[in-house]
Amino acid sequence: KYNRINLKNTHFQMAKHFEAVHEIDRAIKHYMESGTHKTEVPRMLTKLNMIDRLQSFIQSLKDPALYKWWAQYLEAQDMTQDALNFYREAQDFGSCVRLFCSVGDIQNAARIANNSNDAQACFNMARHYEQENNIGEAIVFYSRSSRLHHAIRLAKESGMDQQVMMMSLQSSKPI
């Protein structure tokens with residue numbers, strides 16, 4: 001009421017105290033009050049190996065940033081399908097495309113890149129096509145991802161002078 005400038009820090013210190021004495025519910029409440037719940041609650045619950053509790057916490061908040069964090073955690077645990085579902089919930093299309101490409105499901109990856117028109121999704125798709133030596137598709141997706149320098153580099157290496165000229169004219173920066 002009287003010292004509002006220190007209120008968030010006070011809640012954070014209270015949360016640290018409750019975490020230390022293993023009063024998890026009260027710690028979560030104060031981390032939320034301090035505004036640090038997106039990083040501190042996952043850290044605390046994974047440290048305490050309370051993974052089911054963490055999943056419930058994340059699903060209850062419906063926060064895209066937490067969904068993305070959870071998807072990355074699941075991906076690290078080799079739970080690819082579950083990770084994909086949470087990347088979709090977080091609307092992280094770039095990660096969806098990256099994962100689909102890593103498991104060889106190029107059709108779904110291309111569909112997501114085309115439908116979302118997300119720059120990162122298109123970039124990941126272009127990188128995949130470049131690795132597969134499908135230069136034409138790689139150039140298209142690099143262009144759609146606004147990474148014209150990559151598209152021009154590929155076109156130059158492949159002797160596609162017409163493509164280089166068209167993309168150079170589209171570019172706003174000197175290349």
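The values are calculated or read from the model by the stated rules, or taken from the named source; none is laboratory data. Bear in mind that the values here come from a model prediction, so they are computed numbers and not experimental data. Cβ coordinates were reconstructed from backbone atoms using ideal geometry, including for glycine residues, and neighbour counts include every protein chain displayed. Heavy atoms of the whole protein, side chains included, go into the accessibility calculation; ligands, DNA and RNA do not. Shrake-Rupley method; radii C 1.70, N 1.55, O 1.52, S 1.80 Å.
Among 58-68, 117-127, the peptide with the highest mean count of other Cβ atoms within 10 Å heads the list, and the full ranking is 117-127, 58-68. Evaluated over the Cα positions of the chain, the convex hull gives a direction-averaged projected area, one quarter of its surface, of 14.1 nm².
Taking only protein heavy atoms and a 1.4 Å probe, the accessible area of the chain is 49% carbon and sulfur. Taking the longest Cα principal axis of the chain as reference, the axis of helix 106-116 is set at about 80 degrees. In this structure, the amide hydrogen of Met160, modeled 1.01 Å from its nitrogen in the peptide plane, lies closer than 5 angstrom to no residue at least 5 positions away or on a different chain. Rounded to the nearest 10 degrees, the inclination of helix 51-61 to the longest alpha-carbon principal axis of the chain is 80 degrees.
Taken per residue, the accessible surface of region 18-109 reaches 54 Å², heavy atoms only and a 1.4 Å probe. Against the main long axis of the alpha-carbon atoms of the chain, helix 24-34 sits at an angle near 60°.
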